[in-house]
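Chemist: Take this structure first; my questions come after.
The values are calculated or read from the model by the stated rules, or taken from the named source; none is laboratory data. Just so it is clear, the structure is predicted and the values come from calculations on it, not from any experiment. For neighbour counting, all protein chains shown are included, and Cβ atoms are generated from backbone atoms with ideal geometry for every residue, glycine included. Surface areas here come from the heavy atoms of the whole protein model, side chains and all, with no ligands, DNA or RNA. Shrake-Rupley method; radii C 1.70, N 1.55, O 1.52, S 1.80 Å.
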Amino acid sequence: MSITKRRRVIAGNWKMFKTQAETRAFFSAFLPLVSGVRRCDIVIAPPFTAIVAATEAARGSKVGIGAQDVFWEKEGAFTGEIAPPMLVEAGCRYVIIGHSERRQFFGETEQAVAKKTKAALSAGLTPIVCVGELLEHREAGRTEEICETQFLGGPGALTPEEFSRILVAYEPVWAIGTGKTATPEIAATVHRFLRKCAEKKFSTEQARAMRILYGGSVKPDNIQGLMAQEELDGALVGGASLDAKSFASVVNGCESAQ
Ligand code: 13P
């Protein structure tokens, strides 16, 4: 399948790190370091409590702010949950959905991922929908089966119009926070497979347009190698997004790899 040019995205997932004060300090250091970036989009997803501090600090810059999860109802008696319109009001443009940590530790299912994705889209957010296999799956040769199930249950449950507005992130669980990055070739192979799933479910054109970010131990020293693969449309970065210098060098690495 020939690849049409897709705009790349580097997204930082801060997970459960950073207070509001730390968020403000991060942005003061980070924004000047990425002011020359033109060719890729930058997203930062802080914890809920720091979203407003982040949107205020990022105002006037090209950095888009995201949340790390969302609920599918607009409002109601759902203690502890946050609705899509609340995220929009707080200044979010993106939301990460179905991260492996939510699947592993909070019992998130494919059905929940699909419902959250549809609700986020209706509110005008861009969902970043995550899929990825565990080490035991990879070792048992089940990578494709797991990724296909997660793809079909989540992004595959959308209408073609909805599907055209999401970003997908491939995050092999064995590469998250372990320092073990998938090689660029391993990542590209799975990205190609996900594109095949999208082609079967939607169309060749939609499969070609789908942007897939790679996530799992992305760092300043491996971003260039990863971005040398045309199949990779950017990265979802955990640990290395917490430090302004290291995240800026990932972003600039992506920019110069184009
Ligand atoms: P690390 O970059 O820390 O491995 O985390 C990846 C991740 O889970 C991003 O969502």
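Chemist: If you place +1 on the Cβ of every Lys and Arg and -1 on the Cβ of every Asp and Glu, how big does the dipole about the Cα centre of region 112-168 come out, in debye to the nearest 20?
Modeler: For this selection, approximately 340 debye.
Chemist: Given Cα pairs under 8 Å that are at least 6 residues apart, what percent is the relative contact order of the chain? If you can, show how the numbers build up before the last one.
Modeler: Numbers: 515 pairs, mean separation 56.3, N = 258.
Once normalised by length, the contact order is 22 percent.
Chemist: Mind checking the per residue accessible area of the chain for me, 1.4 Å probe, whole number of Å²? Write out the running numbers ahead of the final one.
Modeler: Working: 11430 Å² over 258 residues.
Using a 1.4 Å probe on heavy atoms only, each residue of the chain averages 44 Å².
Chemist: Would you calculate the convex hull of the Cα atoms in region 176-258 and tell me its volume per residue in Å³? Display every interim value, and only then the final one.
Modeler: Numbers: hull volume 7.1 nm³, N = 83.
Considering the Cα atoms of region 176-258, their hull volume per residue is 86 Å³.
Chemist: Separate question: Using +1 at the Cβ of each Lys and Arg and -1 at the Cβ of each Asp and Glu in the chain, identify which of 61, 207, 147 lies farthest towards the dipole's positive end.
Modeler: Of the options given, the answer is 61.
Chemist: Only loop residues by DSSP count here, and only those with at most 12 other Cβ atoms within 10 Å; note down the chymotrypsin sites (Phe, Trp or Tyr not before Pro) in region 61-163 that meet that.
Modeler: Counting only loop positions with at most 12 other Cβ atoms within 10 Å, the chymotrypsin sites (Phe, Trp or Tyr not before Pro) in region 61-163 are 78.
Chemist: Hey, what does the equivalent ellipsoid look like for region 1-85, semi-axes from the Cα gyration tensor as sqrt of 5 times each eigenvalue, largest first, whole Å? Mind dumping the intermediate values first?
Modeler: Values: eigenvalues 132, 83, 20 Å².
That gives 26, 20, 10 Å for the three semi-axes.
Chemist: Suppose every K and R has +1 on its Cβ and every D and E has -1 on its Cβ; what is the size of the dipole of the chain about the Cα centre, in Debye to the nearest 20? Numbers along the way, then the final one.
Modeler: Details: 31 positive and 29 negative charges, 137 e Å.
Charge dipole of the chain: 660 debye, to the nearest 20.
Chemist: Report, to the nearest whole %, how much of the accessible area of the chain belongs to carbon and sulfur atoms, 1.4 Å probe, protein only.
Modeler: Working: 6070 of 11430 Å².
Carbon plus sulfur share of accessible area: 53 percent.
Chemist: Using only the Cα atoms of region 50-97, each taken as one equal point scatterer with no solvent, compute I(q) by the Debye sum, divide by I(0), and report log10 of the ratio at q = 0.15, 0.20, 0.30, 0.33 Å⁻¹.
Modeler: With one equal scatterer per Cα and no solvent, log10 I(q)/I(0) is -0.39, -0.64, -1.14, -1.27.
Chemist: Placing +1 at every Lys and Arg Cβ and -1 at every Asp and Glu Cβ, with all other atoms neutral, what dipole size does region 24-133 have around its Cα centre, in debye to the nearest 20? Intermediate results must be reported in sequence, preceding the final value.
Modeler: Working: 12 positive and 11 negative charges, 95 e Å.
Approximately 460 debye in magnitude.
Chemist: Leaving ligands, DNA and RNA out of it, work out the accessible area of residue 185 with a 1.4 Å probe and give it in Å² to the nearest 10.
Modeler: For residue 185, the solvent-accessible surface is approximately 110 Å².
Chemist: Check which residues have an amide H placed less than 5 Å from residue 12's amide H, if you skip close sequence neighbours.
Modeler: Residues meeting the criterion, in which the H sits 1.01 Å from N, are 43, 44, 45, 237.
Chemist: Sticking with this one: Just going by the charge dipole of region 160-258, with Lys and Arg at +1 and Asp and Glu at -1 on Cβ, which of 227, 193, 238 is farthest out on the positive end?
Modeler: 193
Chemist: Let me ask something additional. What number, in percent, do you get for the relative contact order of region 161-258 if the mean sequence gap of Cα pairs under 8 Å and at least 6 apart is divided by its residue count?
Modeler: Details: 145 pairs, mean separation 30.4, N = 98.
Relative contact order, region 161-258: 31 percent.
Chemist: Principal axis extents for the chain, Cα atoms only, whole Å, descending order, please.
Modeler: Result for the chain: principal-axis Cα extents of 46, 45, 33 Å.
Chemist: Let me ask another. Below 16 Å, Cα to Cα, which lysines can residue 180 reach? Residues fewer than 8 away in the same chain don't count.
Modeler: Here the lysines satisfying the reach criterion relative to residue 180 are 219.
Chemist: Sequence neighbours fewer than 8 away in the same chain don't count; with that in mind, list the aspartates and glutamates whose C-alpha is under 19 Å from residue 245.
Modeler: The qualifying aspartates and glutamates are 22, 41, 221, 255.
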